[in-house]
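First the structure, in the form of structure tokens, and then the observations on it.
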Amino acid sequence: MANLDLLLNWSLLVYLCFEHLPLRRLLKMGSAGEKLDLELDEEIPFSSSQGTIKIDSMHYEAPHIASPRSYRSTRVLRKMYQISLLRSIYIVIIKAKINVLLPFGPLAIVLHYLTGKHTWVFFFSLLGITPLAERLGYATEQLAFYTGSTVGGLLNATFGNATEMIISLYALNNGMMRVVKQSLLGSILSNMLLVLGCAFFSGGIIHHQKVQVFNKATAIVNSGLLLMAVMGLLFPAVLHFTHTELHFGKSQLALSRFSSCIMLVAYASYLFFQLKSQPNLYSSVSEDEEHNSADSEEEEAPEITQWEAIGWLAILTIWISVLSGYLVDAIEGASDSLNMPMSFISVILLPIVGNAAEHASAIMFAMKDKLDITLGVAIGSSTQISMFVIPFCVVVGWFMGKPMDLNFQLFETATLFITVLVVAFMLQEGTSNYFKGLMLILCYLIVAASFFVHVDPSND
């Protein structure tokens, strides 16, 4: 992969040298004895949409006085770097239509300091974070080209959950434990019902003439982990509401912290099992079909380089963390101004924005008949939140001195338990169609309506 990346970069440089007019003029400014020979012997694919660029070797005869030529070469390379940087900015920032929402982020910050109207700050922050979350998923998707499908799905789920984790840490630092719990719960429900449902529905409509299949082993293991997460959330809630604690108010917190450590160990073991111990168990069904088929389609080429993708991941994560602070500060004021339940904002509105990356990626891969990556994004993201992000927040709250526990109240815990059962039954056959997707979407609408009329009994 590294050699292929090097060859692709050289192909891009040669293409820019001979297609970009200012660079071509720079190359012609050398002395008469300078030569640039290109032998067109070996074909190197540049992308799926552009043909091929042929390059074998590049022979360069330096003049007797090397300093002017070295200076011109430096200028050429600097010019090429600037063009590559501008191209990356165009692809990530300008090309995507959803980026028309980017100005709402700075506007939310301005309104926060000038007007203090929490409703406008809240909605403008939501609109500003939405394209950032989607672009974060795009950058992760580009990075996945260099890592493979299994690691790529894990990266997509991890950075797709970066928005939820950042919002949760801000809320946790402000002592808003219920917002943390409900936003993370809403993210799990959104991924399992809305994201997966839309992906199954879209893929089923596009590929209505065939049955879409995925690896059942992956789905079964993830379903088991989700049920384990439900167990970890259920016992502290039952212990609290049955008033059977050994030490009232302290036993459920101690149990939550102990269970969180166990869940983190279980998730680490799952990652080792998936990536190192039994990687063949998680081989994609679509990958096997491509290897066995002589007429497999050409794989897509990445649009940005590996280091550009890493750089954009860092920039987007920082900007999301900035907007998340203003978003969290405006939640309570927006709830009072709109007369909207806090639980509905936390469970429904916040996760829809935070899951924009997973939503776009899961639908795109399902439409390309790559359901294993879709499951890795949607179900894998839910597994990661329930088995890693929630226990991680409990441990972080422990170090912060915040009483963050796994007691999600009976209503929320029952909703999660039923959702996991519904999705597990949908995945047990290893097949997908548009009707399954439609049922998952309708289930999510029922959940959303339930939280709209739900009054949170806790005031912490």
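Structure data summary
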| item | result |
| --- | --- |
| Entries in Lys370/Lys436; Lys210/Lys370; Lys216/Lys370; Lys181/Lys402; Lys97/Lys216 that, when Cα-Cα distance is taken, lie over 24 Å | Lys97/Lys216 |
| Calculated P(r) of the range 167-268 - Cα pairs past 23 Å, % | 46 |
| Pairs of alpha carbons in the range 322-460 whose separation is greater than 21 Å (percent) | 53 |
| Exposure rank, largest accessible area first [Ile348, Ile98; 1.4 Å] | Ile98, Ile348 |
| Cβ crowding within 10 Å averaged over residues, with 392-404, 316-328 ranked highest first | 316-328, 392-404 |
| Mean Cβ count within 10 Å, highest first, over the residues of peptides 244-251, 102-109, 162-169 | 162-169, 102-109, 244-251 |
| Extension gain, Met231 back to Lys250 (0.36 nm per residue minus Cα-Cα distance, nm) | 4.9 nm |
| Semi-axes of the equivalent ellipsoid for the range 379-460, Cα gyration tensor, largest first, Å | 29, 18, 9 |
| Distant alpha-carbon pairs in the range 89-228 (separation over 26 angstrom), percent | 39 |
| In sequence order, calculated HN-Hα J values of the range 184-191 (Karplus, 6.51, -1.76, 1.60; Hz; x Gly/Pro) | 5, 4, x, 5, 5, 5, 5, 5 |
| Highest-first arrangement of 428-438, 184-194, 337-347, where packing means the average Cβ count within 10 Å | 184-194, 337-347, 428-438 |
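The values are calculated or read from the model by the stated rules, or taken from the named source; none is laboratory data. Remember, predicted model here, so these are calculated numbers, not experimental data. Ideal geometry is used to build each Cβ from the backbone, glycine not excepted, and the neighbour counts take in all protein chains shown. Note: areas computed on protein heavy atoms with side chains; ligands, DNA, RNA excluded. Shrake-Rupley method; radii C 1.70, N 1.55, O 1.52, S 1.80 Å.
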